[in-house]
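A short write-up of the structure that comes next.
Read-outs: derived from the displayed coordinates by stated rules, not from any lab. Since we're looking at a predicted model, the values are computed, not measured. With ideal geometry, Cβ positions are generated from the backbone for all residues, glycine too; neighbour counts draw on all protein chains shown.
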Amino acid sequence: MQSLADRLGGFADALFDPTIVLPPGLVGPDGEPSPRRFAVYRNNVVVGLVEALKANFPSVCRIVGEEFFDAMARIFVASEPPTSPILFEFGIGFANFIAGFEPVADVPYLADIARLERAWHEAYHAPEANPLTAAALAAIPENQAAGITFSLHPSLRLIWSRFPILTIWRMNIGDGVPAPVDLTAGGEDVLLVRPAAKVEVCATPPGGYEFVEALQQGQPLTEAMKIALRADPRFDLSRNIRDLIAIGAFIDCHTANEPGRLTRGVRA
């Protein structure tokens, strides 16, 4: 006799494998096997997951068209079914799936658009925190500024791309109007953060991606600046700090002599 765990596992396997006509031991209200009834149930589950993907990746859907998106999403659902009861977590691997999906090989930026959209949802659902103010940062003595380290907002996400993904994404959400884009003109690296109710999405300036990434890794200000300048000699420290403060990218900072002096607590 099968255990409950085995029966549930078989049921889950059958949901996402159309070659399994019916899970072992499953019967209808009349006590007889009912492949048609299960097929309807299976289809409803898949449709629900496809609709969830469509809601979370609206610009990807708009770019490829709804009919194509539905077909692509069904293949993804079958290959990477949910592993968590939390529907928000479904689709984490969608961008990597798209990157290897041959039918969209002629849309080389599509996987990065999916990464941007996934990052948007992660930023939206991330914990809240009080952003660091410009006044608090200015209070640090000038002779200690070089050793400052920052804690970044828990919602902050970075997306690197060799394509102008922010431009393409904005054309394909809301009232955006698609237009020709020069894919050879250079990439756009994107920063997302939600210091309040709205997710802020912006392109990073020259060297900005590398600068924020270094700060995320705990590098002090001077080291992060060096990394950014190696990545792009046009890097402007003052501009980057000003812009990051303005969008609420930091929640605290400290010097080597006074760790945690300006801490801003995270709110669950």
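What FRET efficiency, computed as 1/(1 + (r/R0)^6) with R0 = 45 Å and r the Cβ-Cβ distance, is obtained for ALA197 and ASN44, rounded to the nearest 0.05?
0.85
Take SER79 and GLU66, extend 7 Å from each Cα along the Cα→Cβ direction, and tell me the distance between the two endpoints in nm.
2.5 nm
Taking only C-alpha pairs under 8 Å that are 6+ residues apart, what is the relative contact order of the stretch 167-253 in percent?
Taking the mean separation of contacting Cα pairs over the length of the stretch 167-253, I get 22 percent.
State the Cα centre-to-centre distance between the stretch 87-111 and the stretch 214-233 in whole Å.
The stretch 87-111 and the stretch 214-233 have Cα centres spaced 31 Å from each other.
For ASN130 and ASP175, FRET efficiency with R0 = 51 Å and r from the beta-carbon atoms, rounded to 0.05?
0.95
In nm, what is the difference between 0.36 nm times the number of residues separating ALA105 and ALA185 and their Cα-Cα distance?
Full extension from ALA105 to ALA185 adds 26.9 nm.
Taking each pair of distinct Cα atoms in the stretch 162-242 once, what is the resulting Kirkwood hydrodynamic radius in Å?
Roughly 14.1 Å, rounded to one decimal.
D for the stretch 127-268, whole µm²/s, Stokes-Einstein with Kirkwood Rh over alpha-carbon pairs at 20 °C and 1.002 mPa s: what number?
133 µm²/s
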